[in-house]
Amino acid sequence: MPYVYIVYSEKINKYYVGACTDLDRRLYEHNIGHSKFTSTGIPWKLVYSEPYETLTEAKQRELKIKKMKSRKFIEELISKGRASRS
């Protein structure tokens, strides 16, 4: 199932927003340094996720969240806790 997800790094005090079809695999990749940006923030913790029917829908939502360019918006999403998992 496709997801939009947000992970958080206490180490660098940053959030990362992404979309994927396998949430467990993607979190694992973030925590082994698979991508350049997230390698600096290991360990990453999943703090929010939203399920979608298609990856296209998930990617559209990811872009909307990123276009907000707002930490406050991201933290409000997390506080609402819609479809979050730990």
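Points to keep in mind about this one:
- Residues that are within 16 Å of I6 (Cβ to Cβ) and either exposed (fewer than 13 other Cβ atoms within 10 Å of the Cβ) or modelled with pLDDT under 95 (or both) within segment 36-49 comprise F37, T38, P43, listed in sequence order.
- Members of segment 10-51 found to be in a strand (DSSP E or B), under 11 Å from the mean Cα position of the chain (by Cα) and not basic (K, R), listed by number: Y15, Y16, V17, G18, A19, C20, L46, V47, Y48, S49, E50
- All of (1) within 20 Å of R61 (Cβ to Cβ); (2) surrounded by fewer than 17 Cβ atoms within 10 Å (Cβ to Cβ); (3) of a type outside the set (S, T, N, Q) hold for C20 with one exception: (2).
- Filtering segment 52-69 to residues that are modelled with pLDDT of 95 or more, surrounded by fewer than 13 Cβ atoms within 10 Å (Cβ to Cβ) and not in a helix (DSSP H, G or I) leaves E53, T54.
- Being of a type in the set (V, I, T) and surrounded by 13 or more Cβ atoms within 10 Å (Cβ to Cβ) is a description that applies to I12.
- Selected residue (only one of G33, G18 is small (G, A, S) and at pLDDT 95 or above): G18
- Residue list for segment 21-45, restricted to those being hydrophobic (A, V, I, L, M, F, W, C), more than 20 Å from M68 (Cβ to Cβ) and out of contact with any His (no Cβ under 7 Å at 6 or more places or on another chain): L23, L27, I32, I42
The values are calculated or read from the model by the stated rules, or taken from the named source; none is laboratory data. From a predicted model like this one, the values you see are computed outputs, not experimental measurements. Please note: Cβ atoms are built from the backbone with ideal geometry, for glycine as well, and neighbour counts cover all protein chains shown.
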